[in-house]
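A.B. asks: Next up is a structure, given as structure tokens.
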Amino acid sequence: MKDYTFRISRFSPARDATPYFREYKLRLGDSSTVLDALFYIFKNLDPTLGFRFSCRGSVCGSCAMKINGGHRLACETQASGLGNLITISPVSNLPVIKDLIVDMEHFWKNYRAIKPFLVFNSSGREEHIVSPHERKRLNGLVECILCGICFSSCPVTGLDENYLGPAALLKLARFLEKERGETRERLYPGITRHGVWSCRKAYNCQESCPKNLSPAKAVRNIIFKTAGKAFRK
Amino acid sequence: MAEVIIIGGGIAGLSAALEIAASGVKALIFSKVHPLRSHSVAAQGGINAALRNHPDGKNDSWEAHMIDTIKGGDFLNDQEAVALMCREGAKRVMELEKMGCPFSRTPEGRIAQRPFGGGVFPRAAYAADRTGHAMLNTLYEQCMRAREEGRIDFYDEWHVLSVIASGSKCLGIAARNMRDSEIKPFPAGAVIIATGGAGRIYSHSTNALINTGMGIALGYFAGVSLKDMEFVQFHPTTLYGTNILISEGARGEGGWLLNKDGKRFLSDYPDSASSMEMAPRDIVARNIIKEIRRGGGVEDEYVYLDLRHLGEEKIQERLPGIRELSIKFAGIDPAKELIPVQPGQHYTMGGIDVNIKCETGLNGLFAAGEASCVSVHGANRLGGNSLLEALVFGAVAGKSASEYAEGAEKYPEAFLKESEAGLKEKTSFLMNSRTGKSQWDIWEEMRKTMMETAGIFRNRDGLTKGLNIISRLIGEYDGISLSDRGGVMNMELYWAEELRGSLRVAEAVLIGALAREDFPGRDDERFLKHSVIEYNSGSPELSLKDVDVSYCSPAERRY
Ligand SMILES: Cc1cc2nc3c(=O)[nH]c(=O)nc-3n(C[C@H](O)[C@H](O)[C@H](O)COP(=O)(O)OP(=O)(O)OC[C@H]3O[C@@H](n4cnc5c(N)ncnc54)[C@H](O)[C@@H]3O)c2cc1C
Ligand code: FES
């Protein structure tokens, strides 16, 4: 058991002019995560605290937040490695709905904008033959849990509200793989001005991704693959 | 355009939505979390289908899959339903592949398959150890296509509070927008419940925190019966503390289970003395509990899973996921330290009673996925069959519901009148200030009671005691005090709404279990039955119903 002070950013748009910090003192067991701590506070100290959760196992992408300044998933972050004073605030670049809960609609709008789906032909009983080598090319493109951490830690999304952002572009890179021979043209709108060309290679996305993915690298690949063609229309 | 409301955006819900959209009916998906945060995303191992892609699976067939499933479920499955699932399986998995689901591949470029417990052939198709994630994302992506075309609408972070029915007919739902707490009735031609399992009525569960079972109660409260609720699957090895699943692979690769003295205690129990760690799931789970009760557990709570002798290299190569989970969630590196593990609730076999077309007892109300009980799993689900069930029966429910909705009367008159009353009852919750118990005391007592009395070991005394406690908690629920009066993302209110359903689902599990006391031999005369429970305005009523054995007849399970 260890004593902690949590400084948590609180904000109710209807009531507060600006966000403010509130402090909570609590004791936690050795392998407690930040999500455990938030639940402890919620159940015992302050039932009005707002935060998202679902899987508690770092697979669903619900619990992104800023922990001691860095963007992390609360459910996979051990409190014991963070010192006795832990500061928590909502992720950047998205409007706050309440406390640690942000409105992700902008993020999802960008996700939809790249048309994240295969246009497939359902005829035939057999699967497409995809060699292990071709399948390997999808590694790093299909594991994203859409938690939004890359979007929130990217310096460009903060400045240019039209920029699609890292997660959507990573998705785009997946659909440009043509292991099933789908046409790529319908995807080009996602590649133009507010797409890959806006990336400034800060690599924050790669640094902060809880799944160790690299949207920045995916962006480089998209440019390499589509050079010259993407501006056509 | 006719409309179908789907409650739940997991694999069952999205599979239903795509089927509905394809038939020219509009699908409205309500989910309390963004659909990609549904519990389906966490499934790891694979989805069963007789694809015959594995060299050892060349003789596999849907019939062989069916027989494995029925045997695994101890003949308490409805066999027509099992046959349908196994026949449709390969087709649905192929369809998913065509949508772009990133399955792992064989050297020939076909969908890769791996062996799973209880299957005579390797037939679990997988996408690394992220099969649920791959499937859910693929289905959601196709939903985005249908959304562009105006065939699917999403209501994310809407908490559905009731299914509205009048007489024998389902008319729609009432839901609360968690963003502003507005409660609204939604009429629909048909409604599908696809709300997943009820793991969180237990203190130790591998399920997501949102799996409260409230969705199952939505149907129950509206008057449809629950079936086989006592059939609950426990997994022997879940991480102590969080109960995150540590897959069977860890033991498959040679991991040992040790008691607090460092002894491989499974040798002390006759039914696991020869197979040791590789004995079937239920036996390993039972013997871990026995060992803890005997005093061999650490802190009387858990035992150890030892992987150290496998060596860091092998652990990193074969079990990287388990290593990552142990480090992140228990602060323990299995290459150097012992992993604390204990059995935990894993899967809800019972659920809303539906027939092979996913129809409930109410016209216009359907159910699919883990929330339903079409009875493909019988008393025990095989790994890899629940993703298949969600995918196949999600689509079946979608087809049945869209056909029904096309013929249904639009915006029935009775609808708003019926719903008004229900809505008032729900909102009063927010308004009234009460001074009773905290809901957290009730949650905790319910979960502990369920674990102790309706866990791996059950007997009449324990179950009766459990039922008494749950009945008391149901009474206390009406007086719980809430202090958050806010309308925006009021999570205290959210949990209180869930608790109402969880308590009733817990009660149904206990009632079902009491109908089926532990009995050592076979007695098919008495036990080859489904238990069926009706809500009956709060005084649940139990009855029994025959199991469909049209394909093969029961026999003693031997492996
Ligand atoms: C750790 C783990 C690993 C697993 N691995 C496998 C595996 O390898 N193979 C396999 O076959 N199975 C596996 N399973 C089981 C399988 O994942 C589930 O049975 C299946 O995903 C259930 O899907 P579903 O669509 O029925 O429900 P879910 O995915 O749970 O979806 C439920 C949906 O309902 C919504 N909802 C619920 N209540 C409400 C409400 N009141 N209002 C609004 N929305 C609501 C939720 O938001 C969610 O969208 C695993 C399970 C666990 C716990
Ligand atoms: S709760 Fe699912 S990622 Fe943290």
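The values are calculated or read from the model by the stated rules, or taken from the named source; none is laboratory data. The structure displayed is predicted, hence computed values, not measured ones. Please note: Cβ atoms are built from the backbone with ideal geometry, for glycine as well, and neighbour counts cover all protein chains shown. The accessibility values were calculated without ligands, DNA or RNA, using every heavy atom of the protein model including side chains. Shrake-Rupley method; radii C 1.70, N 1.55, O 1.52, S 1.80 Å.
A.B. asks: Among the numbered criteria (1) closer than 27 Å to residue B:336 by Cα; (2) away from ligand 1 (no atom under 12 Å from the Cβ); (3) open to solvent by less than 10 Å² (accessible area, probe 1.4 Å), which one does residue B:300 miss?
C.D. replies: Unmet condition: (3).
A.B. asks: Name the pairs: first residue in the range B:27-44 and at the interface with chain A (Cβ under 7 Å from one of its Cβ atoms) and touching a residue at least 12 places away in the same chain (Cβ under 8 Å), second residue more than 6 Å from ligand 1 (Cβ to nearest atom) and part of a strand (DSSP E or B), Cβ to Cβ under 9 Å, at least 6 apart or on different chains?
C.D. replies: Close Cβ pairs (under 9 Å, with a partner that is more than 6 Å from ligand 1 (Cβ to nearest atom) and part of a strand (DSSP E or B)) amount to B:33/B:156.
A.B. asks: Same structure, new question: Can you name every residue in the range B:1-23 that is assigned to a loop (DSSP other than H, G, I, E, B) and touching a residue at least 40 places away in the same chain (Cβ under 8 Å)?
C.D. replies: B:2, B:8, B:9, B:10, B:23
A.B. asks: Can you tell me which residue within the range B:37-52, out of those that are of a type in the set (A, V, I, L, M, F, W, C) and within 11 Å of ligand 2 (Cβ to nearest atom), is farthest from residue B:118 (Cα to Cα)?
C.D. replies: B:41
A.B. asks: Only one of A:62, A:54, A:80, A:9 is more than 16 Å from ligand 1 (Cβ to nearest atom) and not in a strand (DSSP E or B). Can you tell me which?
C.D. replies: Only one candidate qualifies: A:80.
A.B. asks: Any idea which residue in the range A:43-60 is nearest to residue B:239 (Cα to Cα), counting only those that are more than 7 Å from every other protein chain (Cβ to nearest Cβ) and away from ligand 2 (no atom under 14 Å from the Cβ)?
C.D. replies: Checking each candidate, the answer is A:44.
A.B. asks: Only residues that are crowded, with 22+ Cβ neighbours inside 10 Å, among the small types (Gly, Ala, Ser) and farther than 15 Å from residue B:5 by Cα: list them for the range B:176-188, please.
C.D. replies: none
A.B. asks: Can you spot a residue in the range A:205-224 that is within 13 Å of chain B (Cβ to nearest Cβ), in a loop (DSSP other than H, G, I, E, B) and without any contact (Cβ under 8 Å) to a residue 60 or more places away in the chain?
C.D. replies: Taking every residue of the range A:205-224 in turn, at least one turns out to be within 13 Å of chain B (Cβ to nearest Cβ), in a loop (DSSP other than H, G, I, E, B) and without any contact (Cβ under 8 Å) to a residue 60 or more places away in the chain.
A.B. asks: Would you call residue A:203 hydroxyl-bearing (Ser, Thr, Tyr) and out of contact with any Lys or Arg (no Cβ under 8 Å at 6 or more places or on another chain)?
C.D. replies: Against the criterion (hydroxyl-bearing (Ser, Thr, Tyr) and out of contact with any Lys or Arg (no Cβ under 8 Å at 6 or more places or on another chain)), residue A:203 qualifies.
A.B. asks: Scan the range B:189-197 and tell me whether some residue there is within 14 Å of chain A (Cβ to nearest Cβ) and either open to solvent by 10 Å² or more (accessible area, probe 1.4 Å) or more than 22 Å from residue B:401 (Cα to Cα) (or both).
C.D. replies: So far as the range B:189-197 goes, yes, one or more of its residues are within 14 Å of chain A (Cβ to nearest Cβ) and either open to solvent by 10 Å² or more (accessible area, probe 1.4 Å) or more than 22 Å from residue B:401 (Cα to Cα) (or both).
A.B. asks: Confirm whether residue B:137 is modelled with pLDDT of 95 or more, touching a helix residue (DSSP H, G or I) at 6+ places or on another chain (Cβ under 9 Å) and part of a helix (DSSP H, G or I).
C.D. replies: yes
A.B. asks: A follow-up question, please. Condition test on residue B:231, is it open to solvent by 10 Å² or more (accessible area, probe 1.4 Å) and within 30 Å of residue B:547 (Cα to Cα)?
C.D. replies: So residue B:231 passes the test.
A.B. asks: Would you mind finding the one in B:149, B:88, B:157 that is within 12 Å of another protein chain (Cβ to nearest Cβ) and open to solvent by 30 Å² or more (accessible area, probe 1.4 Å)?
C.D. replies: Unique residue meeting the criteria: B:149.
A.B. asks: Which residues, taken from the range B:53-85, are open to solvent by 10 Å² or more (accessible area, probe 1.4 Å), in contact with a strand residue (DSSP E or B) (Cβ under 9 Å, 6 or more places away or on another chain) and over 29 Å from residue A:136 (Cα atoms)?
C.D. replies: Scanning the range B:53-85 gives B:68, B:76, B:78.
A.B. asks: So residue B:138 clears everything in (1) within 15 Å of ligand 1 (Cβ to nearest atom); (2) open to solvent by less than 10 Å² (accessible area, probe 1.4 Å); (3) more than 10 Å from every other protein chain (Cβ to nearest Cβ) except one condition, right? Which one?
C.D. replies: The one condition residue B:138 does not meet is (3).
A.B. asks: Further question on the same structure: Looking at the range B:198-214, which of its residues are away from ligand 2 (no atom under 16 Å from the Cβ) and open to solvent by less than 10 Å² (accessible area, probe 1.4 Å)?
C.D. replies: Passing the criteria: B:198, B:201, B:202, B:213, B:214.
A.B. asks: Answer yes or no as to whether residue A:116 is within 13 Å of chain B (Cβ to nearest Cβ) and either surrounded by fewer than 18 Cβ atoms within 10 Å (Cβ to Cβ) or in contact (Cβ under 8 Å) with a residue 40 or more places away in the chain (or both).
C.D. replies: It is true that residue A:116 is within 13 Å of chain B (Cβ to nearest Cβ) and either surrounded by fewer than 18 Cβ atoms within 10 Å (Cβ to Cβ) or in contact (Cβ under 8 Å) with a residue 40 or more places away in the chain (or both).
A.B. asks: Within the range A:61-92, take every residue that is of a type in the set (S, T, N, Q) and within 16 Å of residue A:18 (Cα to Cα) and give me the one that is nearest to the other protein chains (Cβ to nearest Cβ).
C.D. replies: A:89
A.B. asks: Let me ask another. Would you be able to tell me the number of residues in the range B:142-182 that are assigned to a strand (DSSP E or B) and either hydrophobic (A, V, I, L, M, F, W, C) or within 16 Å of ligand 2 (Cβ to nearest atom) (or both)?
C.D. replies: So the count comes out to 14.
A.B. asks: Let me ask another. Right, residue A:40: outside any loop (DSSP other than H, G, I, E, B), free of Cβ contacts under 8 Å to residues at least 24 places away in the same chain and either touching a His at 6+ places or on another chain (Cβ under 9 Å) or away from ligand 1 (no atom under 16 Å from the Cβ) (or both) or not?
C.D. replies: yes
A.B. asks: From the list B:16, B:27, which one is away from ligand 1 (no atom under 13 Å from the Cβ), open to solvent by less than 10 Å² (accessible area, probe 1.4 Å), closer than 18 Å to residue B:188 by Cβ and assigned by TED's automatic domain parsing to the domain that holds residue B:126?
C.D. replies: Sole residue among the options that is away from ligand 1 (no atom under 13 Å from the Cβ), open to solvent by less than 10 Å² (accessible area, probe 1.4 Å), closer than 18 Å to residue B:188 by Cβ and assigned by TED's automatic domain parsing to the domain that holds residue B:126: B:27.
A.B. asks: Then there's this: May I ask you to list the residues in the range A:152-184 that are in contact with a Lys or Arg (Cβ under 6 Å, 6 or more places away or on another chain) and within 14 Å of residue B:100 (Cα to Cα)?
C.D. replies: A:176, A:177
A.B. asks: Can you name the residue in the range A:185-198 that is open to solvent by 10 Å² or more (accessible area, probe 1.4 Å) and in a loop (DSSP other than H, G, I, E, B) and, of all such residues, is nearest to residue B:98 (Cα to Cα)?
C.D. replies: A:192
A.B. asks: Something else about it: For the range B:205-215, does any single residue satisfy the condition of being over 28 Å from residue B:347 (Cβ atoms) and more than 14 Å from chain A (Cβ to nearest Cβ)?
C.D. replies: Looking for residues that are over 28 Å from residue B:347 (Cβ atoms) and more than 14 Å from chain A (Cβ to nearest Cβ), one finds none in the range B:205-215, hence no.
A.B. asks: So which helices (runs of 4 or more DSSP H) stay within the range A:133-179 end to end and still have 1 or more residues that are under 19 Å from residue B:128 (Cβ atoms) and open to solvent by less than 20 Å² (accessible area, probe 1.4 Å)?
C.D. replies: By residue number, A:166-176.
A.B. asks: Being closer than 29 Å to residue B:365 by Cβ and within 16 Å of ligand 2 (Cβ to nearest atom): is that true of residue B:33 here?
C.D. replies: So residue B:33 fits the description; yes.
A.B. asks: Tell me which residues, restricted to the range B:462-492, are part of a helix (DSSP H, G or I), open to solvent by 40 Å² or more (accessible area, probe 1.4 Å) and either hydroxyl-bearing (Ser, Thr, Tyr) or under 22 Å from residue B:288 (Cα atoms) (or both).
C.D. replies: B:464, B:471
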